[in-house]
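Asker: Here you go, one structure.
The values are calculated or read from the model by the stated rules, or taken from the named source; none is laboratory data. Values in this document were obtained by computation on a predicted structure and should not be read as measured data. FYI the Cβ positions are ideal-geometry reconstructions off the backbone, even for glycines, and counts take in every protein chain you see.
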Amino acid sequence: MLQSSMQRALRLVWAEPHIVEISNYLKKKNNVLEIEITNTWNNRLVGDANLPAEKRTTNATTAPDANAPLMPSGLIGPVTLQIEDPKPYVQKIGITVDKKLISKPEKALVTMKTLTATANIHYTTDGTTPTEKSARYTQPFELTDYTILKAKAFGKGKQPSDVAQLEVEAYNPKTNGLNYEYYEGEITSTTDFDKLTPLKKGKSTGLDIAAIKGREDHYGIRFHGTITMPTAGNYTFYLLSDDGSKLYIDGKQIIDNDGFHGEIEKAGSVELTQGKHSIRVDYFDNINGEALKLMYGNGNNKKEIPIRLLEY
Ligand SMILES: [Ca+2]
Ligand SMILES: [Ca+2]
């Protein structure tokens, strides 16, 4: 006899196979399963034959006598809990792309794959979670602009895969990037720029000092343009440089990482509205190594500023 923790008798089993389905009786935690074993009715009759008539609980017309041997009884084997496998998951999707940064009008070729051969992959390009109603992936396709790809695979009799995600960056080289002025001299602070005349001016894809510098040491670059904030919020900027640098947004100094030093990162926060803001980064290298990197974050994320947000 099996009993659940609610003290409900589940079933009496006395013939093979000794299996009881208990799924419908289980609650989430702390189930107590008790198994009570009774003796065989043959042994009961032998036992009763040894008792005075008024104490017997059985009444049989033919019964073994009091000296008949008892039959083996009790738990006849180990008790096991059989747990069926839950529905298997569709294998996760691999998304690959031939380029993660598109310089328009370049295109990126996207390929998706799951090892569950019978599953269908569905995807979105607007950041929403894919459903079986989303576009179905049938063959590699091209992207022409910034895209957040999300894909999920669905298979018959299986649970859908996890969502796979990939971000492809894109920028227009005609409009995205920063203007620069390039200086040379014995520079030990970005304030020295005011005393110098730029040797050249131009447009740069981001803060690309290697593409601009005319010599290994003793030069400075002023980058400027606009940055478009996708949403309003409190943004933290992180400016890393060797040697000195400063960040200005809307004409206001946000980070002072100026001076003659090796690679150092400094941070500064600012409340920004959605839309365009002027941005300026002053940077110089005195001697030895050089480095310049600007990252930003809103909350816990910290990433490089996408070029598509910067304009000349
Ligand atoms: Ca150098
Ligand atoms: Ca240096």
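Asker: Quick check: is even one residue across region 133-153 farther than 29 Å from LEU309 by Cα, touching a residue at least 60 places away in the same chain (Cβ under 8 Å) and out of contact with any helix residue (DSSP H, G or I) (no Cβ under 6 Å at 6 or more places or on another chain)?
Answerer: Yes; the residues of region 133-153 include at least one that is farther than 29 Å from LEU309 by Cα, touching a residue at least 60 places away in the same chain (Cβ under 8 Å) and out of contact with any helix residue (DSSP H, G or I) (no Cβ under 6 Å at 6 or more places or on another chain).
Asker: Which strands (runs of 3 or more DSSP E) does region 142-237 wholly contain that include 2 or more residues that are crowded, with 20+ Cβ neighbours inside 10 Å?
Answerer: Where strands (runs of 3 or more DSSP E) fall fully within region 142-237 and carry at least 2 residues being crowded, with 20+ Cβ neighbours inside 10 Å, they are 147-154, 164-171, 178-184, 219-229.
Asker: What are the residues in region 271-289 that are over 14 Å from THR191 (Cα atoms) and in contact with a Ser or Thr (Cβ under 8 Å, 6 or more places away or on another chain), if any?
Answerer: Within region 271-289, GLN274, GLY275, LYS276, HIS277, SER278, ILE279 meet the criteria.
Asker: Something else now. Can you name the residue in region 118-140 that is hydrophobic (A, V, I, L, M, F, W, C) and within 16 Å of ASP162 (Cα to Cα) and is also surrounded by the fewest Cβ atoms within 10 Å (Cβ to Cβ) among such residues?
Answerer: ALA119
Asker: Where residues in region 196-214 are within 16 Å of ligand 1 (Cβ to nearest atom) and in contact with an Asp or Glu (Cβ under 7 Å, 6 or more places away or on another chain), which of them is nearest to ILE307 (Cα to Cα)?
Answerer: Only one residue fits best here, namely ILE209.
Asker: Hey, another quick one. Condition (residue is under 33 Å from the mean Cα position of the chain (by Cα), part of a strand (DSSP E or B) and within 15 Å of ligand 2 (Cβ to nearest atom)) applied to region 294-309: is it met by at least one residue?
Answerer: So far as region 294-309 goes, no, none of its residues is under 33 Å from the mean Cα position of the chain (by Cα), part of a strand (DSSP E or B) and within 15 Å of ligand 2 (Cβ to nearest atom).
Asker: Among the residues of region 261-293, write down those that are within 13 Å of ligand 2 (Cβ to nearest atom) and loosely packed, with under 14 Cβ neighbours inside 10 Å.
Answerer: Those that are within 13 Å of ligand 2 (Cβ to nearest atom) and loosely packed, with under 14 Cβ neighbours inside 10 Å: HIS261, GLY262, GLU263, ILE287, ASN288, GLY289.
Rundown of residues vs (1) of a type outside the set (A, V, I, L, M, F, W, C); (2) within 24 Å of LYS213 (Cα to Cα), yes/no style:
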| site | (1), (2) |
| --- | --- |
| GLY268 | yes, no |
| GLN274 | yes, no |
| ILE279 | no, yes |
| MET295 | no, yes |
| ASN298 | yes, no |
| ASN301 | yes, no |
| ILE305 | no, yes |
| ARG308 | yes, yes |
| GLU311 | yes, yes |
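Asker: A further question on this structure: Answer with yes or no whether VAL20 is under 18 Å from LEU81 (Cα atoms), out of contact with any strand residue (DSSP E or B) (no Cβ under 8 Å at 6 or more places or on another chain) and hydrophobic (A, V, I, L, M, F, W, C).
Answerer: no
Asker: Could you run through region 62-111 and say how many residues are surrounded by 10 or more Cβ atoms within 10 Å (Cβ to Cβ), within 30 Å of GLU34 (Cβ to Cβ) and not aliphatic (A, V, I, L, M)?
Answerer: 1
Asker: Further question on the same structure: In region 260-295, which residues are more than 16 Å from ligand 1 (Cβ to nearest atom) and over 15 Å from GLY225 (Cβ atoms)?
Answerer: GLU265, LYS266, ALA267, GLY268, SER269, VAL270, GLU271, LEU272, THR273, GLN274, MET295
Asker: Still on this model: Return the residues of region 212-251 that are farther than 13 Å from LEU178 by Cα, out of contact with any Phe, Trp or Tyr (no Cβ under 9 Å at 6 or more places or on another chain), away from ligand 2 (no atom under 16 Å from the Cβ) and not acidic (Asp, Glu); say none if nothing qualifies.
Answerer: Passing the criteria: PRO230, THR231, ALA232, GLY233, ASN234, TYR248, GLY251.
Yes/no per residue for (1) assigned by TED's automatic domain parsing to the domain that holds ILE287; (2) within 20 Å of HIS277 (Cβ to Cβ); (3) touching a residue at least 60 places away in the same chain (Cβ under 8 Å):
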residue	(1), (2), (3)
THR205	yes, yes, yes
ALA210	yes, no, no
ARG215	yes, no, no
TYR235	yes, yes, yes
SER245	yes, yes, no
ASP256	yes, yes, no
GLY259	yes, no, yes
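Asker: If a residue must be of a type outside the set (A, V, I, L, M), under 28 Å from ALA9 (Cα atoms) and part of a helix (DSSP H, G or I), how many such residues does region 19-74 contain?
Answerer: 10
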